[in-house]
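Bear in mind that the values in this text are calculations on the coordinates, not laboratory data. The structure presented is a predicted model; accordingly, all values stated were derived computationally and were not measured. So basically every Cβ, Gly included, is an ideal-geometry build from the backbone, and we count neighbours across all protein chains shown.
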Amino acid sequence: MDIKTVEYKNVDEVMYVHEHQSGLKTFVIPKKGYSKKYATFATHYGSINNEFSLNGGKDVIRVPDGIAHFLEHKLFEQKDGSVMDKFSKLGSNPNAYTGFAQTVYLFSCTDRFKENFELLLTFVQNPHITEESVEKEKHIIGQEIRMYNDNANWRVFFNLLDAFYEKNPVKIDIAGSIESISKINKDVLYTCYNTFYHPSNMMVLVVGDVEPSEVFSQVEENIDSKGQVPEIKRIFPEEPERIRKEYVEQKLAVSMPLFQMGFKDTIFNTKGIECLKREIAVKILLDMIMGRSSELYNRLYNEGLINNSFDFDYSIEESYAYSAFGGESADPFAVRDRVVEEIRNIKSKGLDQNSYERIRRAMSGRFIKQLNSIERISHMFISVYFKDVNMFDYFNVYENMSFDYVKKVFDEHFNFDNLALSVINPA
Amino acid sequence: MSTLLSESHVSQIAAFNGIKVFHIKSQKFKTNSINIFFHDDLSKERATKNALLPAVLRRGCEGYPTIRDISLKLEELYGAVFDCGVTKKGESQIIQFYLEYVSDKYAKSDANLTQKTFDLLLSIITKPIVENNAFKAEYVEQESKNLKEMIEGRVNDKVQYAVEKCLEEMCKNEPFGIYDYGSVEDLAKINAQNLYEHYKYFLETLPMYVFIFGDLDDGQIKYIIDGLSGIKRGNIKVVGKTGIESKAGDVKDITERMNVTQGKLCLGFRTNISPDSNDYYKLMVYNSILGGGLHSKLFQNVREKAGLAYYVFSRLEKFKGLMVISSGIEIGNRDKAMEIIKNQLEDIKNGNISDYEYEASIKSMETGIKSLKDSQLQVVDFYLSQHIIGTDDGPNDMIEKIKQVTKKDVVDIAGKIQLDTVYFLTSLE
């Protein structure tokens, strides 16, 4: 068995890698002394993949919104009942989540890792979907959708994406809508499954106090090579560079206005380390401009325009990228005006190199802190994996980031023509 | 290698002036943390003031008079993290100050992070900005406004709001009915002078618990203890125990209307069981069978069989001996959901507990308790809770006691649990 070992001495971590003949890669990050073992089986398929083609582009298929998430729910059903019961019998907690670009199945356990791991590998590879269970699931997911519809933080964020994008499917709720899921049936679920759940489109990650070679042996035993590798072409609609709308508003039962705003980025179709570099550069910039140590944050806070809920983030994937920042404010427009004014101000006087250095070091320290948590490691690892990036590269990118590059990204990203604002007002 | 397992042991390394200091020596994590807790009775007179205090203190201190100065310092210290806030554990109010920073090996050899971060933490707590024998008025006004927004903002998270509201309505006439962060009404009475007066009481008399987590050496520990000994303390207050009330009278039925699309149904129960009694472990198993996970009766029947909900669970408030069932449902399905929930409660009472439900419950709790050792904050919270309850049981003792609970014990416990309040959050007509 071929096992690759990669050491990350500066953060005291080691990663073991194994490639199965099907193309499935498995990663093990041992965490000595930890009680919990956390295993994930993920596919490069998420809510944004609602259009794709097979057979080298001949058949273009458009599937109902929310289907990746629906499939995630349905995989737990097996021929002999729900796989949740089997995990529960072992005392472990199975779970799954669907993101924009991936679907992730996982469990965490403290004992009987082997049995749990085999269960995970087996159930994800053996769907058993019936029309009857699909119909029942529509009610359960319907309630999940309603829960998110009443969740102001969720709505304010998706409304911002809707303001950014004309067509990009990232603007569509991950679970779809009650209307869109009504069109889902067994056949279309199997089509998606057969397209995106081939081992070559997937990955396995185990974090915890485990023996890597035993994990890889189990993968060897339990992964079915399934013959032909499907040739998947993910189709994304042409998306204009400009934002769709500058401002969107919704009314919900909230006590005061909630807002999210940000810049739609026009540079994103980078994979690998470039993608990570850009992500970190924008995050450093956001921290410099509006982090807690910034003058802007302190002015806004002192004037009562923002409170502790204020936060910021940047996302970059193969078909989109955007920054988003917000929280609660009695006057989101005033916050927007101040942000614009501050960025203009920095544009004219230039970025401060001292704060750049200080924030870069702080972010690197906070990255180390995340390595304490098995869940955080798993989550971070998977969130960058399908962009051809390794999570441990973060540390090197922090170390090797250059001020000139950050200046360049500053000029590119903060384009006022692409600034959108989303507000939830009290009903 | 023995240090690797020390998350199972906490050593009290010092006790003076009403300050108990604990050290959890561990090399497992890449950061160290220091948590300082102040412990008070949850009371209408002080809850809001206690909630406002950390918010004002975090605004600035001697040497670092603004949020910006504190943040700049934390960034310089390799991105150390500081936070503070309040929670309630039963009828205790806990005011927490938290600090986490990277271990020495990830910083330059002369970084002295333990000393420098602790100095900052201690200054934030003990050296606030004072003007004319009062807090800085501007800070108090702004934080009062923020706290008001936060209290009013509880409705924004409907899932959590429904659970808290159910329990508060249930305990309206007991201290537990007070929200962790106090009330808008009491906030209006607070100013820079009376809050500063309260601060003196807070710092001088409230019992303090300090948890140091990480691989610190004797010199670093001594530095922290010396710093804590310098805090001027007076007569230490004796904090009361949470009263476990039993229920009398009819079930309260409360409906609240808002602009929502999903109904939130919550049922509040009195368990009549105190967390330091042996019955408490039986109650834990009872709760797990009822609604403590995917194996539970509520999940299996309300969600998997009837398809009525996406989420449904039961949860204990162990300090006060309460239990709450919570679920998000189609508004028109309220009665149907109620019936299924009541059937599950009856089933346990009648001993209809399958081997699967019983065994999966015990194992799931075992996994949960073992897992908490992987998080510094969870370990600290565990030991703090045990101290407040007054039990010495560590995680392993807990697991042993849970394993001894039988199905019959669970059925016996079921007889003690009384429904007190049904709360339903629903749409505007």
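Points worth noting:
- Estimated 222 nm signal from helices in the protein assembly as shown, with DSSP H stretches of n ≥ 4 weighted -39500 (n - 2.57), rounded to 500: -13000 deg cm²/dmol
- Remark on A:TYR247: its backbone amide H falls under 5 Å from those of A:LEU421, a criterion applied only to residues 5 or more positions apart or on other chains, H modelled at 1.01 Å from N.
- Listed by chain and number, the lysines whose alpha-carbon sits under 16 Å from that of B:LYS200, ignoring those within fewer than 8 places in the same chain, are B:LYS49, B:LYS127, B:LYS136, B:LYS232, B:LYS237.
- Rounded to the nearest 10 degrees, the inclination of helix B:67-76 to the longest alpha-carbon principal axis of chain B is 80 degrees.
- Amide H contacts under 5 Å for B:MET258, placed H, 5+ residues apart: B:THR426, B:SER427, B:LEU428
- Measuring gaps between exposed loop sites in chain B (trypsin sites (Lys or Arg not before Pro); DSSP loop; at most 12 other Cβ atoms within 10 Å), the longest gap, sites not included, is B:233-429.
- Kirkwood estimate for the stretch B:252-427, i.e. one over the average of 1/r between Cα atoms, Å: 16.9 Å
- Rounded to 5, percent antiparallel among DSSP beta bridges of the stretch B:252-427: 75 percent
- Distance from the C-alpha centroid of the stretch B:119-149 to that of the stretch A:136-213: 45 Å, rounded to the whole angstrom.
- Folded to 0 to 90 degrees: helix A:273-290 orientation relative to chain A principal axis, Cα: 40 degrees
- Mean separation of Cα contacts under 8 Å (6+ apart) over length of the stretch B:252-427, as relative contact order %: 43 percent
- Centre separation in Å (Cα based) which lies between the stretch A:89-133 and the stretch A:258-275: 31 Å
- The lysines whose alpha-carbon is closer than 23 Å to the alpha-carbon of A:LYS245, local same-chain residues fewer than 8 away aside, are A:LYS167, A:LYS171, A:LYS264.
- Taking 20 Å as the straight-line reach from the Cα of A:LYS271, the lysines in range (excluding those fewer than 8 positions away in the same chain) are A:LYS25, A:LYS233, A:LYS283, A:LYS387, A:LYS408.
- Shape of the protein assembly as shown, Cα gyration tensor, a/c cut at 1.5: rounded
- Prolate/oblate/rounded label for the stretch A:247-426 (Cα gyration tensor, a/c 1.5): prolate
- Cα gyration tensor shape of the stretch B:2-229, rounded if a/c is under 1.5, else prolate or oblate by comparing a/b with b/c: prolate
- A:GLN78 long-range amide H proximity, modeled H, under 5 Å: A:VAL83
- Degrees separating the helix A:131-149 axis from the principal Cα axis of chain A, which is the longest one: 20 degrees
- The value of relative contact order for the stretch A:71-118, using C-alpha pairs under 8 Å at least six residues apart, is 30 percent.
- 3J(HN,Hα) couplings calculated from phi for the stretch B:123-134 with the Karplus curve 6.51 cos²θ - 1.76 cosθ + 1.60 (θ = phi - 60°) are, in sequence order, 5, 4, 7, 10, 10, x, 6, 10, 10, 6, 6, 8 Hz; Gly and Pro show x.
- Gap separating the Cα centres of the stretch B:403-429 and the stretch B:203-262, nearest whole Å: 27 Å
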